[in-house]
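Q: I am attaching a structure below and will ask some questions about it afterwards.
Just so it is clear, none of the values below were taken in a lab; they were calculated from the coordinates. Since the structure is predicted, the reported quantities are computational estimates derived from the model, not experimental observations. Positions of Cβ are generated from backbone atoms using ideal geometry, with glycine treated the same way; all protein chains shown enter the neighbour counts.
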Amino acid sequence: MMDGPAMQVSDVSRPRLPRGVRLAHNEAQGCWVLLAPERVFKADAVTVEILKRCTGETTLAAIVDDLAATFAAPRERIHADVVQLLSGLAEKKLLDLG
Amino acid sequence: MTTNGVALSAPLGMLAELTHRCPLGCPYCSNPLALDKRADELDTATWARVFCEAATLGVLQVHLSGGEPAARRDLPEIVKAAREAGLYSNLITSAVGLTPQSLATLSDAGLDHVQISIQDSEGESADHIAGYKGASARKRKLAKEVVNLGLPLTVNMVVHRANIDRVEPMVDLALSLGATRVEIAHVQYYGWALKNRATLMPTREQVEEAVRQVELLRAKHQGRIVIDAVAPDYYARFPKPCMGGWGRRSLNVTPAGRVLPCHAAEVIPGLEFWNVREHSLGDIWRSSPAFLEFRGTDWMQEPCKSCARRDQDFGGCRCQAFLLTGDARAADPVCHLSPHHAAVAELAADRKDAAYAYRTS
């Protein structure tokens, strides 16, 4: 077994939501939520766009490319945002980095 | 929309107590002393309707609990109904009564998460606490089966005087079973636990050491397992924000269909609970007398009324206030500002080793 923080996210990671973690749009609350064991997180628009692309098939590099193209934003900044979000979620066991 | 002067929020979670039947006899069981009978249990179709009403109301997660929910033969249909209603389903189980086959059926029905209770890291002690020989071995086997099916597993460990010194081996056990989350839940003294309080109550030193251990283990296992702790409140200075506020974030449906703001609420005399057989869940949430009684802050008296923390801890727990002071509107006496606070320390000091009064069914 390893000690300390788990694996690091990298450009070749193929992140996906594990079983038991679901992104859902909640009609009654009028917002997107990330549903997880005993926990609910409100997901903002940026988070939703990133997580929708975490299929387990697409690499992190490709996700960043796609987001940069879709939102016409600097790739470097998007890369930093995505890495920050995904490593935070992985630490909370809400994401498989694959 | 407002009620009693506060904005009415939507509930996020619903505890569905499918049955009070259970093969185990844990002396701190959260079920009431007077259990609902099998003949009075809601049927499958009613639960399915309640799940749809819950989703419409804003509920996101349903906790399928008991008793032992697997005591219901229609559990797969109930899980399926929760999924179809769009709810995230969490099975809270003793694992006794489940088999690898029935677990696979529940997984196929769309179950999202499984929480298994384990009474101690030492098997013999665990079986003694549960009042069921062989329970510990069965639980470990089923826990591994949950992980094999790809379902996320939480291990729930209730801690008290007989096992509180084993927080580290408990977390190690949860890790070895493949859990991604473990709850270290100090006993809360209601119902059966209140009956067994003198036998269950740890010392202040034990509690402080357990809290310290949890902090150390969180740092040690960061990124591998989430450790959540339920605080031991008899030794606290401030009360817990019970249920995140009365009638504010969650609701509880009993096996017979009564809807409660929390699972212990029936101990408070004079509250009028409505039943899902007669009312929709939305009507109950918005208008039933029991939910209106302590929603918001209008019901408060001093020291809560003018307290800076009143919107933070909501005066603590109404059930505990009633059980320890005789007045459900009083401040939870766990709070050091309560005039009854000294009595809580006296109750915590009343410890004696005796045989457990096991929960009966």
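Q: Between B:THR360 and B:ALA343, what length in nm is gained on full extension when 0.36 nm per residue of separation is reduced by their alpha carbon distance?
A: Extra length available between B:THR360 and B:ALA343 comes to 3.2 nm.
Q: First check a/c for the range B:152-210, with a ≥ b ≥ c the square roots of the eigenvalues of its C-alpha gyration tensor; if it is under 1.5, answer rounded, and if not, answer prolate when a/b is larger than b/c or oblate otherwise. Display every interim value, and only then the final one.
A: Working: a/c = 3.03, a/b = 1.67, b/c = 1.81.
Since a/c reaches 1.5 but b/c is at least a/b, the shape of the range B:152-210 is classed as oblate.
Q: So, in nm, how far is label A:LYS42 from label B:LYS220 when the simple model puts each one 7 Å beyond its Cα toward the Cβ?
A: 3.7 nm
Q: A further question on this structure: Out of B:TRP192, B:TRP299, B:TRP246, any idea which swings most in a Gaussian network model of chain B, alpha carbons joined below 10 Å?
A: Result for chain B, Cα springs under 10 Å: B:TRP299 fluctuates most.
Q: Which translational diffusion coefficient, to the nearest whole µm²/s, is obtained for the range B:70-150 from the Stokes-Einstein equation, given a Kirkwood hydrodynamic radius over C-alpha pairs, 20 °C and 1.002 mPa s?
A: After rounding, the answer is 162 µm²/s.
Q: Short version: ³J(HN,Hα) in whole Hz for each residue of the range A:49-57, in order, from phi by Karplus 6.51 cos²θ - 1.76 cosθ + 1.60 (θ = phi - 60°), x for Gly and Pro, what are they?
A: So the J values, rounded to whole Hz, are 4, 5, 5, 4, 8, 8, 9, x, 10.
Q: In percent, how large is the relative contact order of the range B:64-191, given Cα pairs closer than 8 Å and 6 or more residues apart?
A: On the way: 194 pairs, mean separation 27.7, N = 128.
Averaging sequence separation for qualifying contacts and normalising by length gives 22 percent for the range B:64-191.
Q: What is the ratio of the Cα radius of gyration of the range B:1-114 to 2.2 N^0.38 Å, with N the residue count, to two decimals? Kindly include the intermediate steps, with their values, before the conclusion.
A: On the way: Rg = 15.0 Å, N = 114, 2.2 N^0.38 = 13.3 Å.
Working it through for the range B:1-114, the quotient is 1.13.
Q: When only alpha-carbon atoms are used, what values of Rg and Dmax, in angstrom, describe chain A?
A: Rg and Dmax of chain A, Cα atoms, are 13.6, 43 Å.
Q: Here's another thing I want to ask about it. How far apart, in nanometres, would the label points at B:GLU272 and A:ALA24 be if each is projected 7 angstrom from Cα along the Cα-to-Cβ direction?
A: Between B:GLU272 and A:ALA24, the label points sit 3.3 nm apart.
Q: At 222 nm, what value in deg cm²/dmol follows for chain B if DSSP H runs of at least 4 each add -39500 (n - 2.57) and the sum is divided by all its residues, to the nearest 500?
A: On the way: 14 runs with 124 residues, N = 361.
Helix contribution divided over all residues of chain B: -9500 deg cm²/dmol.
Q: On the principal axes of its Cα set, how long, how wide and how thick is chain B? Give whole Å, largest value first.
A: Largest to smallest, the principal-axis extents are 54, 48, 39 Å.
Q: May I ask you to give the average projected area over all directions of the convex hull of the Cα atoms of the range B:25-82, in nm² rounded to one decimal? Walk me through the numbers on the way to the answer.
A: Working: hull surface 19.3 nm².
About 4.8 nm², averaged over all directions.
Q: Report relative contact order for chain B in percent, whole number only (criteria: Cα-Cα under 8 Å, sequence separation at least 6). Working shown, then result.
A: Working: 708 pairs, mean separation 73.6, N = 361.
Computed value for chain B: 20 percent relative contact order.
Q: Over chain A, with a Gaussian network built from C-alpha contacts below 10 Å, which listed residue (A:LEU60, A:LEU35, A:LEU86) shows the highest mean-square fluctuation?
A: Taking springs between Cα atoms under 10 Å, the residue moving most is A:LEU35.
Q: When Rg is the radius of gyration of the Cα atoms in the protein assembly as shown and Rh is its Kirkwood radius, what does Rg/Rh come to?
A: For the protein assembly as shown, the value is 0.96.
Q: Could you tell me, in Å, what Rg and Dmax come out for the Cα atoms of the range B:179-258?
A: When restricted to the Cα atoms of the range B:179-258, Rg and Dmax are 15.4, 44 Å.
Q: Rg and Dmax of the range B:262-361, using alpha carbons, in Å: what are they?
A: Cα only, the range B:262-361: 16.4, 47 Å (Rg, Dmax).
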